[in-house]
Amino acid sequence: MSARNLFNTIAKKAAAATGSPWTFLAAVSIVVLWGISGPIFKFNDTWQLVINTGTTIITFLMVFLIQHTQNSDTAAMQIKLDELIRATAEANNELLDLEELDEERLEEIRAEYERMAREAGDALTRVRSCRSERRDDEAV
């Protein structure tokens, strides 16, 4: 197994484990136990350093884990969206490599889709208005 595959396997298992309610409960329990132990250690600097160091290390490692899983999920979703665009007969195939376009072109495309959304909303409003008028006429 390559290092990349090993990391991917470990990252997926770690992400699943850290996202569980049991892991959250364990983390809360650790914090509660740490807080309860404060009077025993007289709230000294070492007592504070234990929680600070532990949380810093865990946060540092979780950043990389979260980024890896986010990259993987985003890539998979992008491939699925690309396939849907490709398979749709009237789709705009320029959208297949949208993430490669410059900001100016992205803004042009976004504005075009916003215009289409407004037109669709206006059309829906007109259809609802016509239906409402027909109901009013039938009531008379």
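If F24, F41 are ordered by their accessible area, calculated over protein heavy atoms with a 1.4 Å probe, which sequence runs from highest to lowest?
F24, F41
Which aspartates and glutamates have a Cα less than 13 Å from the Cα of K12, not counting those fewer than 8 places away in the same chain? Filter leaves D73.
Placing unit charges on each Cβ (+1 for Lys and Arg, -1 for Asp and Glu) gives the chain a dipole about its Cα centre, and among F7, V28, I85 the Cα reaching farthest toward its positive end belongs to V28.
What is the magnitude of the charge dipole of the chain about its Cα centre, with +1 placed on the Cβ of each Lys and Arg, -1 on the Cβ of each Asp and Glu, and no other charges, expressed in debye to the nearest 20?
Numbers: 15 positive and 22 negative charges, 237 e Å.
The dipole magnitude comes to about 1140 debye.
For the chain, modelled as a GNM whose springs connect Cα atoms under 10 angstrom apart, the maximal fluctuation among T46, T55, T125 occurs at T125.
Using only alpha carbon pairs under 8 Å that are at least six residues apart, calculate the relative contact order of the chain and give it in whole percent. Could you put the intermediate results ahead of the total?
On the way: 25 pairs, mean separation 23.8, N = 140.
For the chain, the relative contact order is 17 percent.
Per-residue accessible area (protein heavy atoms, 1.4 Å probe) orders M62, M1 as M1, M62, starting from the largest. Only protein heavy atoms count here; under a 1.4 Å probe, F64 has an accessible surface of about 110 Å². Per atom type, the chain shows carbon and sulfur on 64% of its accessible surface, probed at 1.4 Å.
Each label point was placed 7 Å from the Cα along the Cα-to-Cβ direction; for V28 and A16 their separation is 2.4 nm. The residues of the chain present an accessible area of 84 Å² per residue when probed at 1.4 Å with all protein chains retained.
The values are calculated or read from the model by the stated rules, or taken from the named source; none is laboratory data. This one's a predicted model, so the numbers in the text were calculated from it and none came from an experiment. Virtual Cβ from ideal backbone geometry, glycine too; neighbours counted across all protein chains shown. Each accessible area value is taken on the protein alone, full model and side chains, heavy atoms only, with ligands, DNA and RNA left out. Shrake-Rupley method; radii C 1.70, N 1.55, O 1.52, S 1.80 Å.
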